[in-house]
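Report on the following structure.
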Amino acid sequence: MTTNLTKPISKSLLWAIIIVTIGAEVLLYLTRYSSLGSTLYDAVMVSSFFIGWKLYRRLRSEQEHRKSPRQIMLQFTGAFLIFFLGSTVVNVYSNLTFEDFNDDYDQYVQDYTESQAHVIESGVDNELPDQPIGSIFEKIDTIGYDLYNDTLAGLEEVWRLAYIILLLVLFKKVFPRRWGSGRRDGFLMAALFITSILFGIDHTLDTDQPWAIRIGAIVTFANMGLLFGLILLWTRNLWLTVIVHAVYDITATLSWYYIDYAVEYFTLGVLIVHVCLYIFETIHQNRFIQQRAAVQEGPNIEVTQKVE
């Protein structure tokens with residue numbers, strides 16, 4: 001995989017990778033002070049889709065067989081369940097280890113929700129006073145803004161893949177002997193670990209929080225970032241990982257603001273679908289094996305009959 005990831009990169013693509021990684025981090029930090037920085041950050045995240053389109057093929061080997069839609073769906077449900085279980089363990093660990101972070105984070109989420117609602121209500125009141133339709137658009141704005149941000153969050157996996165490629169290219173230049181010896185898995189794991197730490201740090205860049213909260217946030221989100229990175233390397237499918245990330249964030253937002261236990265309900269549905277798909281796929285594979293065995297036995301029977 002490391003050979004594919006570090007295939008020759010054009011200068012324009014290299015600059016695009018730097019912008020979507022380092023540039024995105026700088027803009028994310030500036031969103032704390034500037035609405036223009038927030039707008040530019042969103043623009044970089046949207047444009048990262050096109051960069052991902054240039055990079056996603058590097059995860060796959062040429063010998064890899066193309067998966068059927070059922071196999072892809074089975075991989076998605078499996079990846080989502082793995083992340084749900086892993087994130088649950090991470091949250092339990094954080095609850096036990098960073099009590100101050102969890103208490104303050106709950107308050108932070110509540111304050112953030114109230115501030116967003118206040119901004120939207122102010123805008124609606126100024127433009128559409130005393131109009132019933134204003135409340136409809138208020139709700140659309142609130143939900144739409146949340147879903148928009150969660151969808152963009154899924155594209156953070158393009159950021160991760162671009163960062164992994166950038167780090168591997170750097171390792172290749174700095175450690176040419178070790179790279180040439182073929183021992184490259186260590187470099188890939190190092191890149192995965194570094195991007196996970198950066199993933200955790202980036203979730204504190206746009207907020208000015210005390211260090212007691214930041215440390216807990218960095219550890220919590222770094223572990224979740226590691227889970228996403230492992231899913232990316234396991235599936236070797238960038239867009240599947242993007243969808244898992246976005247869908248989980250969407251259900252988490254619904255659970256926070258709109259529907260209690262939305263994540264748990266959705267995960268239960270995913271589990272049911274996963275079990276059904278697994279049964280269908282097992283039946284299909286067994287049938288395929290039987291058909292292939294029958295085809296192989298056919299010529300053997302003809303040869304035996306001729307000998308007799």
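The values are calculated or read from the model by the stated rules, or taken from the named source; none is laboratory data. This structure is a prediction, so every number in the text was calculated from the model and none was measured. Note that we place each Cβ from the backbone using ideal geometry, even for glycine, and neighbour counts take in every protein chain shown. The protein model used for the area step is the full one, side chains on, heavy atoms only, and it has no ligands, DNA or RNA in it. Shrake-Rupley method; radii C 1.70, N 1.55, O 1.52, S 1.80 Å.
Details
- Within region 58-84, the set of residues being within 25 Å of residue 2 (Cα to Cα) and either assigned to a loop (DSSP other than H, G, I, E, B) or free of Cβ contacts under 8 Å to residues at least 24 places away in the same chain (or both) comprises 60, 61, 62, 63, 64, 65, 66, 67.
- Failed condition for residue 208, given (1) open to solvent by 60 Å² or more (accessible area, probe 1.4 Å); (2) assigned to a helix (DSSP H, G or I); (3) in contact (Cβ under 8 Å) with a residue 40 or more places away in the chain: (2)
- For region 213-222, the criterion of being among the charged types (D, E, K, R), part of a helix (DSSP H, G or I) and either open to solvent by less than 30 Å² (accessible area, probe 1.4 Å) or over 14 Å from residue 82 (Cα atoms) (or both) is satisfied by at least one residue.
- For first residues located in region 238-258 and on the phi > 0 side of the Ramachandran plot, partners that are open to solvent by 40 Å² or more (accessible area, probe 1.4 Å) and modelled with pLDDT under 95 and lie 6+ apart or on another chain with Cβ distances below 8 Å do not occur.
- Residues that are open to solvent by 50 Å² or more (accessible area, probe 1.4 Å) and under 25 Å from residue 74 (Cβ atoms), drawn from region 223-237: 226, 230, 234, 236
- Per the conditions (1) hydroxyl-bearing (Ser, Thr, Tyr); (2) open to solvent by less than 30 Å² (accessible area, probe 1.4 Å); (3) closer than 30 Å to residue 3 by Cα, the sole criterion not satisfied by residue 181 is (2).
- Among the residues here, residue 165 qualifies as buried (at least 20 other Cβ atoms within 10 Å of the Cβ), touching a Lys or Arg at 6+ places or on another chain (Cβ under 9 Å), β-branched (Val, Ile, Thr) and under 18 Å from residue 45 (Cα atoms).
Yes/no matrix, rows are residues, columns are (1) closer than 23 Å to residue 227 by Cβ; (2) part of a helix (DSSP H, G or I); (3) not hydrophobic (A, V, I, L, M, F, W, C):
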{"residue": "151", "(1), (2), (3)": "yes, yes, yes"}
{"residue": "158", "(1), (2), (3)": "yes, yes, no"}
{"residue": "169", "(1), (2), (3)": "no, yes, no"}
{"residue": "179", "(1), (2), (3)": "no, yes, no"}
{"residue": "186", "(1), (2), (3)": "yes, yes, yes"}
{"residue": "189", "(1), (2), (3)": "yes, yes, no"}
{"residue": "196", "(1), (2), (3)": "yes, yes, yes"}
{"residue": "201", "(1), (2), (3)": "yes, yes, no"}
{"residue": "204", "(1), (2), (3)": "yes, yes, yes"}
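- Scoring residue 262 on the criteria (1) modelled with pLDDT under 95; (2) open to solvent by 40 Å² or more (accessible area, probe 1.4 Å) leaves a single failure, condition (2).
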